[in-house]
Amino acid sequence: MHNKHNKNYMRLALITLTLVTSLRLAAAQDKLPREEALKYAFLVSVDLKQLQGTPIPTDVDVKQPVAIRDGEFGGMVLPEAKLTAEVISKAGEKIVPIGQVWLYKLTPMRDGEAVGSDKLRLAKVSNEGTEVQLPQCTLGVRRASGGGLELVVLGKTTTPLVTVPLKAIEKAADGKEQAGIDMEAERDSAAGHITFKIVGKYQAKIDVTQLEL
């Protein structure tokens, strides 16, 4: 009986340790300091034609970047310059641009599968003499057929790579509209998950995984 109790205790301890470790891994994504995020925003904006060459017109504010890093992977979101909660709430069936997300060694997932590089808009960015290809995805919102709002992720064309529900945030921290788009990430053994918090009033989550070029 005593041995059985010890085995159950050890099993519970192992489960608890696994959960704690998983939570630590989920929180391992670092949000970059503003100064570093601004550096990357500048790098992607050097080629203005490329920055604005999205499948639907975008006019992003490169002074409001939010960037994250997790080991060799990363991402950055740039909001539309005139993004407001009213712009989102008034969206109809036509996609309204709300910003761009730039990914590093990552690609969005649809129905549990990685979006292939042939469907992505791959932008060339140079940094300290090294040129890399980064997926440049357009973020938009539209009114779904059921009446609710959805976040749309575009690649090369106006055909969405991913669509996910856009939900209202029940309680903003101070009840006021916030500027821009915040970005958070977590991961598990199979994939990563990026949550966008838009003007402090809406949020949506997309899945991402490693990009194979």
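The values are calculated or read from the model by the stated rules, or taken from the named source; none is laboratory data. From a predicted model like this one, the values you see are computed outputs, not experimental measurements. Here Cβ is always computed from backbone atoms with ideal geometry, including for glycine, and neighbour counts include all displayed protein chains.
What pairs come out if I take residues in segment 30-58 that are in contact (Cβ under 8 Å) with a residue 60 or more places away in the chain and over 24 Å from LEU120 (Cα atoms) and pair them with residues that are surrounded by 13 or more Cβ atoms within 10 Å (Cβ to Cβ) and not aliphatic (A, V, I, L, M) whose C-beta lies under 8 Å away, six or more apart or interchain?
Pairs that qualify, where the first residue is in contact (Cβ under 8 Å) with a residue 60 or more places away in the chain and over 24 Å from LEU120 (Cα atoms) and the partner is surrounded by 13 or more Cβ atoms within 10 Å (Cβ to Cβ) and not aliphatic (A, V, I, L, M), are LYS31/GLU184.
Quick one: in segment 185-198, of everything that is buried (at least 17 other Cβ atoms within 10 Å of the Cβ) and at pLDDT below 95, which residue is nearest to the chain's Cα centre (by Cα)?
Going through the qualifying residues, I end up with ALA185.
Given the conditions (1) modelled with pLDDT of 95 or more; (2) in a strand (DSSP E or B); (3) of a type in the set (Gly, Ala, Ser), report the number of the one that SER126 does not fulfil.
Exception for SER126: condition (1).
For THR163, only one of the following conditions fails: (1) in a loop (DSSP other than H, G, I, E, B); (2) among the β-branched types (Val, Ile, Thr); (3) under 18 Å from the mean Cα position of the chain (by Cα); (4) farther than 18 Å from ALA37 by Cβ. What is its number?
(1)
If you check VAL153 against the conditions, is it under 12 Å from the mean Cα position of the chain (by Cα), in a strand (DSSP E or B) and surrounded by 18 or more Cβ atoms within 10 Å (Cβ to Cβ)?
yes
Charged (D, E, K, R), in contact with a helix residue (DSSP H, G or I) (Cβ under 9 Å, 6 or more places away or on another chain) and surrounded by 14 or more Cβ atoms within 10 Å (Cβ to Cβ), is that true of LYS124?
In short, no.
For segment 64-100, name all the residues that are over 29 Å from SER145 (Cβ atoms) and either touching a His at 6+ places or on another chain (Cβ under 6 Å) or surrounded by fewer than 14 Cβ atoms within 10 Å (Cβ to Cβ) (or both).
If the condition is that a residue be over 29 Å from SER145 (Cβ atoms) and either touching a His at 6+ places or on another chain (Cβ under 6 Å) or surrounded by fewer than 14 Cβ atoms within 10 Å (Cβ to Cβ) (or both), then GLY71, GLU72 are the ones that fit.
Picking from GLU80, GLU93, which residue would you name as being among the acidic types (Asp, Glu), more than 13 Å from VAL162 (Cβ to Cβ) and touching a residue at least 24 places away in the same chain (Cβ under 8 Å)?
GLU93
Among (1) over 18 Å from the mean Cα position of the chain (by Cα); (2) of a type in the set (Asp, Glu); (3) over 26 Å from PRO33 (Cβ atoms), there is one condition GLU131 misses while meeting the rest; what is its number?
Looking at each condition in turn, GLU131 falls short on (3).
Based on this model, can you work out whether GLU72 counts as of a type in the set (D, E, K, R), out of contact with any Phe, Trp or Tyr (no Cβ under 9 Å at 6 or more places or on another chain) and without any contact (Cβ under 8 Å) to a residue 40 or more places away in the chain?
no
If you check VAL141 against the conditions, is it over 20 Å from PHE42 (Cα atoms), touching a helix residue (DSSP H, G or I) at 6+ places or on another chain (Cβ under 7 Å) and touching a residue at least 12 places away in the same chain (Cβ under 8 Å)?
Answer is yes for this residue.
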